[in-house]
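The values are calculated or read from the model by the stated rules, or taken from the named source; none is laboratory data. The structure presented is a predicted model; accordingly, all values stated were derived computationally and were not measured. Glycine gets a Cβ as well: all are built from the backbone with ideal geometry, and neighbour counts include every protein chain shown. What goes into the accessible areas is simple: the full protein's heavy atoms, side chains included, and nothing from ligands, DNA or RNA. Shrake-Rupley method; radii C 1.70, N 1.55, O 1.52, S 1.80 Å.
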Amino acid sequence: MYIKVEDIKPGYQVKEAVMAATVNPIIAAGTILTDQHIRFLHAFSIKSIDVLAKEEQPEAVLHSSDSFNRVLQAADRIEQLYFKTLKSVKEEFQRWQSGMNVDIARIRTIILPILEYMLEHPGELEKVSSYSKKDEYLYHHTLAVSLLSGLIAQKLQYDRGLIVQAALAGFLADCGMSKITTSLLTKKTALTEGEYKEIQNHPVVSYKMVKDLKLLKPEAKLAVYQHHERMDGSGYPAGTKGKSVHILSQIVGLSDTFHALTTDRLFKGRQSVFKAVEIIQQDLFGQFDLSITEVLFSLTVEVSQDMQVTLSDGSKGKVIFVPPGNKTRPMIQLPNGDIIDLVQRRDLYIETRD
């Protein structure tokens with residue numbers, strides 16, 4: 001029987017080997033699941049697995065394999081690095097809340113180890129996104145926007161110094177949120193007009209907190225101020241438009257938008273990565289430079305022929321054709337041989353890559 005990973009408890013036995021983007025199964029058939037296995041499933045964004053019903057389960061011994069252990073060690077590495085960094089992010093935010101100034105040298109020390117790792121392993125981005133939790137959304141958001149900004153800058157072939165500056169700008173973009181009433185940050189219902197205006201002022205507050213930092217370049221400081229400005233003039237706080245919205249500001253802004261769309265928040269659920277890309281392509285068209293959006297898409301929604309996917313209605317299938325101009329909507333062949341053309345079926349989209 002298939003069961004959602006979020007409902008799985010230690011002791012379930014895996015009926016069918018669990019595959020991810022790996023040559024070998026990440027969890028072999030017959031494995032008795034432990035807490036560590038369950039964390040591993042979350043790290044790979046596995047949504048459901050086939051397990052034996054209680055009455056089917058024999059007395060079994062936990063199955064392990066060298067390939068599983070190697071993959072598990074790799075997953076543990078990024079997981080441990082991520083949550084160690086997240087702890088420091090939270091501590092910095094609490095420092096700002098208590099009235100302390102931004103210490104850019106310490107922030108560099110916090111972000112550089114995981115940034116260096118992600119620049120070498122950009123394929124880990126999907127796992128990083130899966131770690132975000134809505135009860136500590138702001139800290140996860142700070143870290144994720146920083147890493148994604150750095151990855152986009154790398155993909156644009158910026159020099160190392162500017163990649164780091166992009167990551168620092170992403171880290172500091174929301175530092176002004178530390179000056180907002182705590183009850184407002186944890187509010188689970190829609191904001192009032194007055195509350196929304198207070199939130200909209202956070203780029204100004206963030207800029208005031210970073211404007212005198214000598215280790216932060218002028219363009220990074222501008223990105224902190226402009227990360228909610230949009231090329232079509234629809235952004236805030238100044239309604240800046242066109243090329244006056246600096247390219248680094250757009251990188252941070254797009255990273256901010258993408259992470260907000262693809263993670264659960266207190267007042268709003270997450271979108272599929274593929275659905276989020278379509279929102280950016282269609283609903284937000286004209287807000288970001290196309291060169292930046294294309295880079296983001298290449299980092300997050302690349303699909304290839306024969307890739308296994310799950311659709312938004314729960315159907316599973318295999319990619320058989322990727323249209324060059326519509327990469328988020330390939331043709332999918334279902335196990336029964338039926339073919340779904342997502343270009344024609346606008347009611348469906350890819351939920352996950354399996």
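With the cut-off at 22 Å, report for segment 219-354 the share of all Cα pairs above it, as a whole percent.
Values: 4018 of 9180 pairs.
Tail fraction, whole percent: 44.
So what is the relative contact order for the chain, in percent, with contacts set as C-alpha pairs under 8 Å and at least six apart?
Details: 570 pairs, mean separation 41.3, N = 354.
Relative contact order of the chain: 12 percent.
If each residue of separation counts as 0.36 nm, what is the full-extension length gain between residue 336 and residue 282 once their alpha-carbon separation is subtracted? Before the final figure, lay out the partial values.
On the way: separation 54, 0.36 × 54 = 19.44 nm, distance 3.25 nm.
Working it through step by step, the gained length comes to 16.2 nm.
When ligands, DNA and RNA are left out and all protein chains stay put, how many square angstrom of accessible area per residue does the chain have with a 1.4 Å probe? If you can, show how the numbers build up before the last one.
Values: 17080 Å² over 354 residues.
Accessible area per residue, the chain: 48 Å².
Report in % the part of the accessible area of the chain that belongs to carbon and sulfur, leaving out ligands and nucleic acids; probe 1.4 Å. Could you put the intermediate results ahead of the total?
Numbers: 8760 of 17080 Å².
Carbon-and-sulfur percentage of accessible area, whole number: 51.
Report the calculated FRET efficiency for residue 133 and residue 343 (r = Cβ-Cβ distance, R0 = 41 Å), to the nearest 0.05. It would help to have the intermediate numbers written out before the result.
Numbers: r = 35 Å, r/R0 = 0.85.
E(calc), rounded to 0.05, equals 0.75.
I'm checking a number: the convex hull volume of the Cα atoms of segment 92-236, normalised per residue, in Å³. What is it? Present the calculation step by step, with values, prior to reporting the outcome.
On the way: hull volume 18.4 nm³, N = 145.
Given the Cα convex hull of segment 92-236, per-residue volume reads 127 Å³.
When N is the residue count of segment 186-235, what does its C-alpha Rg come to as a fraction of 2.2 N^0.38 Å? Write out the running numbers ahead of the final one.
Details: Rg = 13.4 Å, N = 50, 2.2 N^0.38 = 9.7 Å.
Working it through for segment 186-235, the quotient is 1.38.
From the square roots a ≥ b ≥ c of the eigenvalues of the alpha-carbon gyration tensor of the chain, which class results: rounded (a/c under 1.5), prolate (a/b over b/c), or oblate? The partial results should precede the final answer.
Details: a/c = 1.94, a/b = 1.50, b/c = 1.29.
The shape class here is prolate.
Enter the Cα centre distance for the pair segment 229-287 and segment 112-137, rounded to the nearest angstrom.
19
How far apart, in nm, are the 7 Å Cα→Cβ label points at residue 193 and residue 322?
Those two pseudo-labels are separated by 4.7 nm.
What is the gain in length, in nm to one decimal, between residue 83 and residue 238 on full extension, counting 0.36 nm per residue of separation less the C-alpha to C-alpha distance?
On the way: separation 155, 0.36 × 155 = 55.80 nm, distance 3.54 nm.
Taking residue 83 through residue 238 to full extension adds about 52.3 nm, to one decimal.
Can you give me the orientation-averaged projected area of the convex hull built on the Cα atoms of segment 210-276, in nm²? Mind showing how you got there, number by number?
Details: hull surface 22.7 nm².
Taking the Cα atoms of segment 210-276, their convex hull projects to 5.7 nm² on average.
Going by the alpha-carbon gyration tensor, a ≥ b ≥ c the square roots of its eigenvalues, is segment 140-201 rounded (a/c under 1.5) or, if a/c is not under 1.5, prolate (a/b greater than b/c) versus oblate?
Prolate shape, in that a/c is at least 1.5 and a/b is the bigger ratio.
Between their Cα atoms, which of 84/275; 4/155; 197/316 are more than 32 Å away from each other? Each step should come with its number before you reach the end.
On the way: 84/275 30 Å; 4/155 35 Å; 197/316 44 Å.
Beyond 32 Å between Cα atoms: 4/155; 197/316.
Tell me whether segment 159-291 comes out rounded, prolate or oblate; compute the Cα gyration tensor, take square roots of the eigenvalues as a ≥ b ≥ c, and use a/c under 1.5 as the rounded threshold. Present the calculation step by step, with values, prior to reporting the outcome.
Details: a/c = 1.55, a/b = 1.11, b/c = 1.40.
Judged from the Cα gyration tensor, segment 159-291 comes out oblate (a/c at least 1.5, b/c at or above a/b).
With only alpha-carbon atoms counted, please give the Rg and Dmax of segment 112-180, in Å.
12.2, 36
Sorted by average packing, counted as other Cβ atoms within 10 angstrom per residue and highest first, what order do 181-188, 330-337 take? The partial results should precede the final answer.
Details: 181-188: 11.1, 330-337: 14.5.
Put in order of decreasing packing, that is 330-337, 181-188.
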